[in-house]
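Following: one structure in structure tokens, then a few remarks.
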Amino acid sequence: MTMYNSIKEEAYHCNMELPKLGLVLFTFGNVSVADRSKQVFAIKPSGVPYEKLSPEQMVVVDFDGNVIEGDLRPSSDTKTHAVLYKHWEEIGGITHTHSTYATAWAQSQRDIPIFGTTHADHLTVDIPCAAPMSDDMIAGNYEYETGFQIINHFAEQQLDYREVEMILVGNHAPFAWGKDGMKSVYNSAVLEQVAKMALLTEQINPSAPRLKPALVKKHYERKHGKNAYYGQ
């Protein structure tokens with residue numbers, strides 16, 4: 001037993017949700033869970049198949065990307081997670097996948113338009129796609145720079161990470177986050193579903209209009225506004 005058992009257990013269970021939800025193939029993804037009181041997070045070890053994972057194998061890392069506890073190498077995306085935790089102080093979980101539809105939009109370097117109420121139930125803007133990384137950033141500390149690729153895009157677009165809890169990284173794949181690990185997994189699954197529906201929408205009607213502002217406002221506020229009434 002260690003002081004990190006709780007986040008290692010949570011990280012394990014969150015990671016195991018990814019194959020259940022059809023968000024990963026082989027080892028193409030990872031979830032991390034933070035303990036902000038200790039300034040650390042637990043994350044999936046690199047390259048270990050989901051069917052062979054255990055809570056004990058989760059690797060604990062600090063917000064600078066240094067391994068604090070664990071015998072295995074952490075996910076290759078660990079430094080990206082570390083940057084986001086260090087700079088965005090209100091997130092407690094991060095999910096990264098290469099889910100099919102969201103990744104296809106990322107490879108297309110396109111924001112996902114807000115076509116319908118499913119999208120508006122979760123955010124009021126297009127799902128952003130950050131521009132592909134510059135050559136200088138690629139030649140540097142790649143995974144570390146990916147974190148800043150995300151943060152810089154949010155700053156440029158004047159987006160609030162507490163309201164928009166997902167992004168596509170151009171030519172790469174999606175990241176999602178939330179108040180805890182399971183919320184980040186939920187947001188990752190929502191992103192994949194919205195990406196799929198948006199693709200089908202454009203195939204059915206290439207000129208499909210965006211959802212009108214009144215419906216965007218209604219659907220977002222009924223779940224997230226001060227007078228929200230969705231759920232129990």
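The values are calculated or read from the model by the stated rules, or taken from the named source; none is laboratory data. This one's a predicted model, so the numbers in the text were calculated from it and none came from an experiment. As a convention, Cβ positions derive from the backbone with ideal geometry for all residues, glycine included, and neighbour counts pool all protein chains shown. Ligands, DNA and RNA are excluded from the accessible area calculation, which covers all protein heavy atoms including side chains. Shrake-Rupley method; radii C 1.70, N 1.55, O 1.52, S 1.80 Å.
Fully extending the segment from PHE26 to ASN152 would add 42.3 nm, taking 0.36 nm per residue of separation and subtracting the current Cα-Cα distance. Modelled this way, with points 7 Å down the Cα-to-C-beta line, the labels at TYR142 and ILE204 are 3.9 nm from one another.
For the range 130-203, the relative contact order comes to 24 percent (Cα pairs under 8 Å, sequence separation of at least 6). Using heavy atoms of the protein chains and a probe of 1.4 Å, the accessible area assigned to ILE112 is about 0 Å². Using a probe of 1.4 Å on the protein chains alone, the accessible area found for MET166 is around 10 Å².
Computed in the context of the full set of protein chains, the accessible area of the chain at 1.4 Å probe radius has 50% of its extent on carbon or sulfur. Length gained on full extension, SER54 to LYS38: 3.5 nm, using 0.36 nm per residue less the C-alpha separation. In a reduced charge model with +1 at each Lys and Arg Cβ and -1 at each Asp and Glu Cβ, the range 61-149 shows a dipole moment near 260 debye about its Cα centre. Given their separation in residues at 0.36 nm each and the Cα-Cα distance between them, LYS218 and ARG110 gain 36.3 nm when the chain is fully extended. Between the range 1-49 and the range 157-188, how far is it from one alpha carbon centroid to the other, in angstrom? With the range 1-49 and the range 157-188 each reduced to a Cα centre, they are spaced 16 Å. For the chain, the antiparallel share of DSSP beta bridges with both residues in that region comes to about 90%. This model, with +1 at the C-beta of Lys and Arg and -1 at the C-beta of Asp and Glu, gives the range 1-69 a dipole about its Cα centre of some 120 debye.
Checking the Cα-Cα distances for LYS86/LYS196; LYS8/LYS183; LYS44/LYS79 against a 21 Å cut-off, the pairs over it are LYS86/LYS196.
The sum of -39500 (n - 2.57) across all DSSP H runs of n ≥ 4, divided by the residue count of the chain, sets its helix-only mean residue ellipticity at 222 nm to -12500 deg cm²/dmol. Normalising the average separation of contacting C-alpha pairs (under 8 angstrom, six or more residues apart) by the number of residues puts the relative contact order of the chain at 21 percent. Modelled spin-label separation between THR2 and HIS98, with each label point placed 7 Å from Cα along the Cα-to-Cβ direction: 2.8 nm. With R₀ set to 22 Å, the beta-carbon distance separating THR117 from ARG162 gives a calculated FRET efficiency near 0.50.
Taking chymotrypsin sites (Phe, Trp or Tyr not before Pro) in DSSP loop states with no more than 12 other Cβ atoms inside 10 Å as exposed sites, the chain has its longest site-free stretch at 27-228. Evaluated with a Cβ-only charge set (Lys, Arg +1; Asp, Glu -1), the range 1-115 carries a dipole of roughly 260 debye about its Cα centre, given to the nearest 20. The range 68-208 has equivalent-ellipsoid semi-axes of 25, 17, 14 Å, by the square roots of 5 times the alpha carbon gyration tensor eigenvalues, sorted largest first.
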